[in-house]
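Heads up: the structure comes next, in structure tokens.
The values are calculated or read from the model by the stated rules, or taken from the named source; none is laboratory data. What you are looking at is a predicted structure, and each value in this text was computed from that prediction instead of being measured. For neighbour counting, all protein chains shown are included, and Cβ atoms are generated from backbone atoms with ideal geometry for every residue, glycine included. The accessibility values were calculated without ligands, DNA or RNA, using every heavy atom of the protein model including side chains. Shrake-Rupley method; radii C 1.70, N 1.55, O 1.52, S 1.80 Å.
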Amino acid sequence: MENNRIATLTLDDGRSIELPVMSGTLGADVLDLRNLQKLGMYTYDPAFFSTASCASQITYIDGDAGLLYYRGYPIEQLAKGSDFLETCYLLLHGELPTSRQLAEFNLKVKRHSMVHDQLARFYNGFRRDAHPMAVMVGVVGALSAFYHDSLDITNPEHREISALRLIAKVPTIAAMSYKYNIGEPFMFPRNSFSYVENFMYMMFGTPCEEYVPNPKLVRALERIFILHADHEQNASTSTVRLAGSSGANPFACVASGIAALWGPAHGGANEAVLKMLHEIGDISHVDEFMKGVKEKKYRLMGFGHRVYKNMDPRASVMRDTCYEVLQELKLENDPLFKMALQLEQIALQDPYFIERKLYPNVDFYSGIVLRALGIPTNMFTVIFAVGRTIGWISQWNEMIADKEQKIGRPRQLYIGATKRDYVPMQGRDK
Ligand code: ACO
């Protein structure tokens, strides 16, 4: 990080302070505001529009140019050439693995894919109709109770083993929450399958018959995982970092990330897209629906992004995957898909969306692909969580190793009552 330039902030009372300008390897420079406290002032930046909370080497996004890099590699290249476990290795360790490193990593992840038998009993405590994300928050958090042997977060080996456990066990826990929901028996992971094949097997296999994965559908899910693997300091990742900054263990931190991901403005968006399509109901209602969007009665889900004010680069990859999957499953004429494509076309040409730089985000298409794969709507955000686990744990690991990080503690602009004296009940009831 270079910081040989200075910005000077001068207040109307004549006081001034010098603020170093920091430059990264790519992207906007940032002002180092740590000295601002000396003036007895803080910054006010709700929703962190202008705040860099950390320095990171993991993921780079240029929202205006529509760029997303993991450790410097463009997402389009990884989605085409890499597989999910290789991408996990890259995010966690910073470099693409050699074939030997990848084989070892693969083996280690597979060794950890089963969950403790005691953990499986947690499911019985949930109602069958519990939202699978509610189950995920609880069961992933509960992993903290099982691995006391490796919870020293200052020990890099302990952090590594926790990372492997999370990458390996979150898909098993996710598939179990689905099986519990539909009343089918849990499927033990099968190590002869690849990571993604195994996940599909645990989701769709039954003990009654052989499960044969369809390579095109496996590839589509692999892409969804790769595209969702990390996205720098988004809401759920920032939640994981903030929880981790207090020294909480990685399983508890990832559970907090899952909770933050659940919201419809974040990971819940692909589920919201499908709900929206069902509510619209028929292609003949699309114009009427778009009228309501422009009157701000509701939002067009799957459109817009806090950072991408141009095309979301993940959306372009997912759009191609979407067409491949629909073709493979001969679903091109499915009414719901036709309606989605109609909405996309209208929005891309409508001045309301163009002026506000609202483009389809990855979740507009991923919802459609997941539905085609046979994944029920209430599992969509869970799939996102499975893919994002590696991002959360890589960011958490980076934060713990960063000497500059301390417990996260934002300040506030207080606008409540000034000091007043307590009034006893007799005085209030008058
Ligand atoms: N449909 C209609 N109008 C929208 C939409 C939308 N999806 N998104 C933003 N707008 C409008 C707003 O009404 C606002 O209009 P105005 O300037 O006339 O008031 C303008 O565009 C800017 O909106 P903001 O809410 O300020 O944009 P912000 O960057 O804060 O929000 C967000 C980004 C939350 C993603 C928003 O676009 C949204 O709600 N989209 C739908 C939900 C969604 O798809 N989320 C997925 C995000 S991707 C992910 O998590 C992987």
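The table below gives the values:
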quantity	calculated
Boolean, Gln395 is closer than 28 Å to Arg219 by Cα, within 16 Å of the ligand (Cβ to nearest atom), in a helix (DSSP H, G or I) and polar (S, T, N, Q)	yes
Qualifying residue in region 66-88 (condition: modelled with pLDDT of 95 or more, β-branched (Val, Ile, Thr), over 21 Å from Asn397 (Cα atoms) and in a helix (DSSP H, G or I))	yes
Region 223-242, residues that are closer than 16 Å to Gln405 by Cβ and either open to solvent by 20 Å² or more (accessible area, probe 1.4 Å) or within 12 Å of the ligand (Cβ to nearest atom) (or both)	Glu232, Gln233, Thr237, Ser238, Thr239, Leu242
Residues being touching a strand residue (DSSP E or B) at 6+ places or on another chain (Cβ under 7 Å) and free of Cβ contacts under 8 Å to residues at least 24 places away in the same chain - total across region 212-236	0
Hey, Ala259 assigned to a loop (DSSP other than H, G, I, E, B), more than 13 Å from the ligand (Cβ to nearest atom), modelled with pLDDT of 90 or more and open to solvent by 10 Å² or more (accessible area, probe 1.4 Å) or not	no
Hey, Phe122 in a helix (DSSP H, G or I), aromatic (Phe, Trp, Tyr), modelled with pLDDT of 95 or more and open to solvent by 40 Å² or more (accessible area, probe 1.4 Å) or not	yes
Test: residue in region 274-296 that is farther than 28 Å from Tyr73 by Cβ, more than 10 Å from the ligand (Cβ to nearest atom), of a type in the set (Val, Ile, Thr) and open to solvent by 30 Å² or more (accessible area, probe 1.4 Å)	yes
Only listed residue being in contact (Cβ under 8 Å) with a residue 60 or more places away in the chain and open to solvent by 70 Å² or more (accessible area, probe 1.4 Å), chosen from Tyr42, Tyr60	Tyr42
Residue among Gly367, Gly427 that alone is open to solvent by less than 40 Å² (accessible area, probe 1.4 Å) and over 27 Å from Val170 (Cβ atoms)	Gly427
Arg299 being under 23 Å from Asn378 (Cα atoms), surrounded by fewer than 19 Cβ atoms within 10 Å (Cβ to Cβ) and within 8 Å of the ligand (Cβ to nearest atom)	yes
Meets criteria (outside any helix (DSSP H, G or I) and in contact with a Phe, Trp or Tyr (Cβ under 9 Å, 6 or more places away or on another chain)) for Arg190	yes
Candidate set from region 109-118 (those that are within 24 Å of the chain's Cα centre (by Cα) and not hydroxyl-bearing (Ser, Thr, Tyr)); member that is surrounded by the fewest Cβ atoms within 10 Å (Cβ to Cβ)	Met114
Residue ID - nearest to Ile224 (Cα to Cα), chosen from residues in region 360-373 that are within 10 Å of the ligand (Cβ to nearest atom) and not charged (D, E, K, R)	Ser366
Residues within region 188-222 that are open to solvent by 40 Å² or more (accessible area, probe 1.4 Å), within 27 Å of His116 (Cβ to Cβ) and of a type outside the set (Ser, Thr, Tyr), tallied	7
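One line per residue, one yes/no per condition, for (1) within 12 Å of the ligand (Cβ to nearest atom); (2) within 15 Å of Met290 (Cβ to Cβ); (3) assigned to a helix (DSSP H, G or I); (4) not charged (D, E, K, R):
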{"residue": "Ser316", "(1), (2), (3), (4)": "no, no, yes, yes"}
{"residue": "Tyr323", "(1), (2), (3), (4)": "no, no, yes, yes"}
{"residue": "Lys330", "(1), (2), (3), (4)": "no, no, no, no"}
{"residue": "Phe337", "(1), (2), (3), (4)": "no, no, yes, yes"}
{"residue": "Gln342", "(1), (2), (3), (4)": "no, yes, yes, yes"}
{"residue": "Leu348", "(1), (2), (3), (4)": "no, yes, yes, yes"}
{"residue": "Tyr352", "(1), (2), (3), (4)": "yes, yes, yes, yes"}
